[in-house]
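Worksheet: the structure to be examined is printed underneath.
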Amino acid sequence: MGNGCSNRFMILRNAGWMLILLVLRQPCFSQDTALIRLIQSDEISYDRRANANVQVLTGNIILEHDNIYLYCDTAYLNEVENRVEAMGDVHVESRDTLHLYGKHIWYDGNTKIGEIEREVRLIDDQTTLYSEYLIYNRLTQESYYHDGGRVLSGEKELQSESGYYYVRVKEFAFSRNVTLKDTDYTVRADTMRYNTETEIAYFIGPTHIESEDFYIYCQTGWFDTRNDKSYLGKNSRIHTGDQILAADSIYYEQKTGLGRAFRNITVTDTVQDIVLKGNYSLYSKEQKFSMITDSALAILADREDTLFMHADTLIARFDSAQKARDLLAYHRVKFYRTDIQGMCDSLHNNIADSVLTLYNDPVLWSDENQLTADSIRIWFRNRQIDRMNLHNTSLIISMDDTLRFNQIRGLNMIGYFTENQLQRIRVESNSETIYYVRDEDESLIGVNKAVSGSMWIFVNENKIERIVYIDRPVAVLYPEKDLPEEEKKLRGFNWRENQRPRNKNEIFLWRE
């Protein structure tokens, strides 16, 4: 057999036995190009009139090229162009784990690119790709489809209109109507990468993850399907029960229900109409709480009025049904509602019982009144203030004019409200008052200074209308000039109007 190209050929027949084709026609290729080699065929024919370069192979065919094997029923082998077209039950074997099946394949030994169609299956370890048309590039170790495909990997099923499989790294790149299904959730995306070894899916574009317990949306991120962990970026949000968490980015563990969120965070309770905002959040489904900090803001919505609250840290706690049970605020707490404003070091809002409690140097402003005590508790009914309890060293101050202040002091006080307006106050134990008495034309009559065991104070249109002293009262009406300046203020007097928030934006201002 010489080095030149020959036109000689042989037809060999041997049913049921391996036949070796002795091809005397040897094509000319570079030394680096491997030739497609025939190992077995039941029948070999050659039709010079149809194509002088093509051998027709029939029955139990085995071809080899560069350490891959092709099995089929019928094949057209062009040794001059180093190409083959195979039909029937086509099977390509590359290594022990990679197998390619179909009904029709075109394979180019020079480019190492194969095109296979009809009932296509690509199997690599525990992963199977189904499609009707697939291109496989051996040089780049890539396969791809553009007319729909389905992948089974363990218990997971992935579908898309277009997809690439990178054999070396065992990773798929899907696009257009991508769906990933597992027993517990479904993922829908425009673009997704999925690694069959790590079982991590990467998203680019609008992505939806749904299960019985949660719904997730994002536009970038990844989802560790093996460990049920996800990182969500760009317009991400998580719906769990009645809560919605949205942020620039979110890390969430589905199994433990632990989540962290970063920047532009909004936590919404759709039942209680509570919104928490901030720039860092920690959420635990198991421990039933959500913590938010860094410019933290709570918004308690109401049909008639809305309360805005700021603190260094806000914590919402949930019940077994994942409904907000109470709200805790820690350090430098300040809130605003049109009918009431306040500040303190820490606060507890019992949402279930509609009770708001302020601790550590609290101060409240209600209309013209400033209220202070060691702690203050407010009860709401139908989202309106019903009553208020000032506990220990209680003091109420209201401005008579720019220089004078009406004052009420006692150990404990209970204030009663109607339609958010203070109507009467019960002062208990060690009661004291300083009250500027005026006539009908508002001319000053004098200063009433009184003490008693307890007292009732009645208020009308935010002004003291009547005081009833109980238990050993002592009251003296002084001409203003006869009362020394140091006696015009009760013990603990501190007018803090400069700290009062005048709108919802001023809750972020803290003045000592």
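The values are calculated or read from the model by the stated rules, or taken from the named source; none is laboratory data. Computed from a prediction, not measured in an experiment: that's the story for all the values here. Counting neighbours? That spans all protein chains shown, and the Cβs are built from the backbone with ideal geometry, glycine included.
Within the range 413-456, track down each residue that is among the charged types (D, E, K, R), farther than 19 Å from Arg387 by Cα and buried (at least 16 other Cβ atoms within 10 Å of the Cβ). Scanning the range 413-456 gives Glu432, Lys449.
Checking Arg491, Arg466 one by one, the residue that is in contact with a Phe, Trp or Tyr (Cβ under 8 Å, 6 or more places away or on another chain), closer than 24 Å to Trp365 by Cα and among the basic types (Lys, Arg) is Arg466 and no other. In the range 240-264, the qualifying residues are those that are more than 9 Å from the chain's Cα centre (by Cα) and crowded, with 19+ Cβ neighbours inside 10 Å, and the one that is nearest to Ser230 (Cα to Cα) is Gln254.
With respect to the conditions (1) β-branched (Val, Ile, Thr); (2) under 20 Å from the mean Cα position of the chain (by Cα); (3) under 27 Å from Glu512 (Cβ atoms), Val333 falls short on a single one, namely (2). Can you confirm whether Glu428 is within 30 Å of Asp345 (Cβ to Cβ) and in a strand (DSSP E or B)? Here the answer is yes, as Glu428 does meet what is asked.
Scanning the range 212-247 for residues that are part of a strand (DSSP E or B) and touching a residue at least 60 places away in the same chain (Cβ under 8 Å) gives Thr240, Gln243. Against the conditions (1) more than 25 Å from Glu428 (Cβ to Cβ); (2) without any contact (Cβ under 8 Å) to a residue 60 or more places away in the chain, where does Trp379 fall short? Just the number, please. The failed condition is (1).
The single condition among (1) under 30 Å from Phe308 (Cα atoms); (2) in a strand (DSSP E or B) that Tyr194 does not meet is (1).
For Ile62, are the conditions met, namely being surrounded by fewer than 17 Cβ atoms within 10 Å (Cβ to Cβ), in a strand (DSSP E or B) and out of contact with any Pro (no Cβ under 7 Å at 6 or more places or on another chain)? It is false that Ile62 is surrounded by fewer than 17 Cβ atoms within 10 Å (Cβ to Cβ), in a strand (DSSP E or B) and out of contact with any Pro (no Cβ under 7 Å at 6 or more places or on another chain). Being more than 29 Å from Leu307 (Cα to Cα), exposed (fewer than 15 other Cβ atoms within 10 Å of the Cβ) and of a type outside the set (Gly, Ala, Ser) is the requirement here; does Leu403 meet it? For Leu403, the condition - more than 29 Å from Leu307 (Cα to Cα), exposed (fewer than 15 other Cβ atoms within 10 Å of the Cβ) and of a type outside the set (Gly, Ala, Ser) - is met. Collect the residues in the range 340-368 that are polar (S, T, N, Q) and either surrounded by fewer than 21 Cβ atoms within 10 Å (Cβ to Cβ) or not in a strand (DSSP E or B) (or both), keeping them in residue-number order. Listed by number, the residues that qualify are Ser346, Asn350, Ser354, Thr357, Asn360.
Apart from one condition, Ile457 fits all of (1) free of Cβ contacts under 8 Å to residues at least 60 places away in the same chain; (2) under 21 Å from Trp365 (Cβ atoms); (3) assigned to a loop (DSSP other than H, G, I, E, B); the exception is (3). What are the residues in the range 194-211 that are touching a residue at least 24 places away in the same chain (Cβ under 8 Å) and not β-branched (Val, Ile, Thr), if any? Once the filter is applied, which keeps residues that are touching a residue at least 24 places away in the same chain (Cβ under 8 Å) and not β-branched (Val, Ile, Thr), the range 194-211 yields Tyr194, Asn195, Glu197, Glu199, Ala201, Glu210, Ser211.
Restricting attention to the range 208-233, the residues that are under 12 Å from the mean Cα position of the chain (by Cα) and either surrounded by fewer than 16 Cβ atoms within 10 Å (Cβ to Cβ) or among the polar types (S, T, N, Q) (or both) total 5.
Residues in the range 364-404 that are of a type in the set (Asp, Glu) and either farther than 26 Å from Gly446 by Cα or modelled with pLDDT of 90 or more (or both): Asp374, Asp386. In the range 257-284, the residues that are in the same structural domain as Ala324 (by TED's automatic domain parsing) and in a loop (DSSP other than H, G, I, E, B) reach residues that are of a type in the set (Lys, Arg) and surrounded by fewer than 20 Cβ atoms within 10 Å (Cβ to Cβ) with C-beta atoms within less than 7 angstrom, at least six apart or across chains, in these pairs: Val271/Lys323; Gln272/Lys323.
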